[in-house]
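Chemist: Before I ask anything, here is the structure I am working with.
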Amino acid sequence: MKTAVEELSPTRVKLTVEVPFDELRPSLDAAYKKVAQQVRVPGFRPGKVPARIIEQRFGRAVVLEETLNDAVPKLYGQAVDEVDVFPVSQPDIEVTKIEDGDQIEFTAEVDIRPNFDVPDYQGAEVTVDSAEVTDADVDAQLDALRQRFATLTGVERAAANGDFVVMDLRAEIDGENIEEQQANEVSYEVGAGSVLQGLDAALEGLSAGEEKTFKTELVGGANAGDEADVIITVKSVKEKVLPELDDEFAQLASEFDTLDELKASISEQARRNKLIDQVVQAREKALEALLEKIDIPIPDSALKAEVDARKHNLEHQIAESGLSRDAYFRLYQTSEEERFKEFDDNSVRAIKVGFVLDKIVKAEELGVSEQELTNFVVRRAMEMGVQPNQLAQHLADNDQLTMAMVEIVRDKAKSVVGDAAKVVDADGNEVDLKAIYTELNGEPPVVEGEEDAEDTTEE
């Protein structure tokens, strides 16, 4: 087999592949067997029709077509390996010559990862947040803990921002009640930011037993997007009461006996979290500094596939939310145009990152051990709330294990870039990532074949 490569653009090539007919023999034999199974010839059992009879009855062209359908995709794969290109799209293949018994020729146009060099990333200077834990950090964690253990107490006053109300709601359009827009005994925190615009303003100042009507746009159901009169009736008003910060609270909210012990634990955990953040920031910022040095053309097909995948996920999320499109985007304080612009920008960066990290993976000869793959599956299963063996089976059944391994080695490559950087914190202090690994993991930084630092710190 002989392959010639023509560069159509920095991101697209045309392969011209010449194949001696003898190399088609396995596919030719398979084609005869397949056709023999499909045809019915008097005097012969299915699958036992001789090749010469098949050619006499149905013609050589039928067999050749089946042969090429089987052989060309395999030959294309071999050609790609031989010329060392990295396809990022499905090829446009055309058989251009068939000389029966002599050779065949076909062309394949395909988008590829462009050629580029990765600049030296040793010693790149990056700045990360300080790992110093302040009183404000501890107080914020304590306040969040108090919120979790808050109680609701009924009050005989009008509802204010931060109060909880129990209410009945119904909607009318031109005086006609909309059945599916009716709900009773709904608990809601005033000021939480409902997708039902105007609800918070309508609730403030209402006491138990009072009713109010306001106009708004419905966000779900058959009348999504229509303007309606929404009638709310407040059943009760409750205020949130936070527990006192004392030893009794420490015993209620944790395994500690005293508030001082709880604070010390929170402080230690906050420090660990900040150290992890320093590692993550060092890797992300070192990678960003590297990306800024490289101009990589993006294949149109790869960009379209990435953007389309993000749009498909968005449509699924909107459908799952049960909200109208306008209400969904209001909920996330954005617009469809802004989200699509993010998709375009983020897709370009994601593809560029993948190209660069894959280069580093190859240069550093990074691989994935069985234990690393197991740890990845276990971690991802915990995040998804499923059993690890279920996720592993799902990945295997859907041919996604390769994608998982790509994600693992790309994370390793990102670690290589981060570890090569010169890292300082916002106060100008040098940050020793190896010392952080040791503090977090109780052991020296890992080497190839073991769990990388980011993986172990997330467990």
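The values are calculated or read from the model by the stated rules, or taken from the named source; none is laboratory data. Quick caveat: nothing in here was measured; it's all calculated off a predicted structure. Cβ: placed from backbone, ideal geometry, glycine included. Neighbour counts: every protein chain shown.
Chemist: Tally up the residues in region 216-230 that are among the aliphatic types (A, V, I, L, M) and either surrounded by 18 or more Cβ atoms within 10 Å (Cβ to Cβ) or modelled with pLDDT of 95 or more (or both), please.
Modeler: Qualifying residue count, region 216-230: 4.
Chemist: Could you list, in sequence order, all residues of region 346-364 that are of a type outside the set (A, V, I, L, M) and crowded, with 16+ Cβ neighbours inside 10 Å?
Modeler: Hits for region 346-364 are S347, K352, G354, F355, D358, K359.
Chemist: Separate question: Please go through region 119-142 and give me each residue that is closer than 18 Å to K414 by Cβ and surrounded by fewer than 17 Cβ atoms within 10 Å (Cβ to Cβ), ordered by number.
Modeler: P119, D120, Q122, G123, E125, T127
Chemist: Conditions first: (1) farther than 30 Å from V219 by Cβ; (2) not in a loop (DSSP other than H, G, I, E, B). A144 passes all but one, so which condition is the exception?
Modeler: (1)
Chemist: I would also like to ask the following. Name the pairs whose Cβ atoms lie under 7 Å apart, with the first residue in region 78-90 and among the basic types (K, R), the second in a helix (DSSP H, G or I), and 6 or more positions between them or separate chains?
Modeler: As it stands, the answer is none, since no pair meets every condition given.
Chemist: Related question: Which ones in region 201-211 are under 19 Å from G162 (Cα atoms) and either acidic (D, E) or not in a loop (DSSP other than H, G, I, E, B) (or both)?
Modeler: Once the filter is applied, which keeps residues that are under 19 Å from G162 (Cα atoms) and either acidic (D, E) or not in a loop (DSSP other than H, G, I, E, B) (or both), region 201-211 yields A201, A202, L203, E204, E210.
Chemist: Among the residues of region 220-270, which ones are part of a loop (DSSP other than H, G, I, E, B), over 40 Å from the mean Cα position of the chain (by Cα) and polar (S, T, N, Q)?
Modeler: Matches in region 220-270: T258 only.
Chemist: Okay, moving on. With of a type in the set (S, T, N, Q), over 17 Å from D358 (Cβ atoms) and touching a helix residue (DSSP H, G or I) at 6+ places or on another chain (Cβ under 6 Å) as the only criterion, which of Q141, Q90, Q122 stands out?
Modeler: From the options Q141, Q90, Q122, the qualifying one is Q141.
Chemist: Moving on. Can you confirm whether A159 is part of a loop (DSSP other than H, G, I, E, B) and more than 30 Å from K263 (Cα to Cα)?
Modeler: Yes, satisfied.
Chemist: For region 365-400, what are the residues that are among the aliphatic types (A, V, I, L, M), surrounded by fewer than 17 Cβ atoms within 10 Å (Cβ to Cβ) and in a helix (DSSP H, G or I)?
Modeler: L373, V378, M382, M384, A396
Chemist: Which pairs have Cβ atoms under 6 Å, sit 6 or more apart or on different chains, and link a residue in region 127-147 that is in contact (Cβ under 8 Å) with a residue 24 or more places away in the chain to one that is polar (S, T, N, Q) and not in a strand (DSSP E or B)?
Modeler: The qualifying pairs are V128/Q278; V128/Q281; A131/Q278; V133/S267; V138/S267.
Chemist: Six or more apart or on different chains, Cβ under 9 Å: which pairs go from a residue in region 10-26 that's of a type in the set (S, T, Y) to one that's buried (at least 20 other Cβ atoms within 10 Å of the Cβ) and part of a strand (DSSP E or B)? Could you list them?
Modeler: T11/D111; T11/I112; T16/F106; T16/A108
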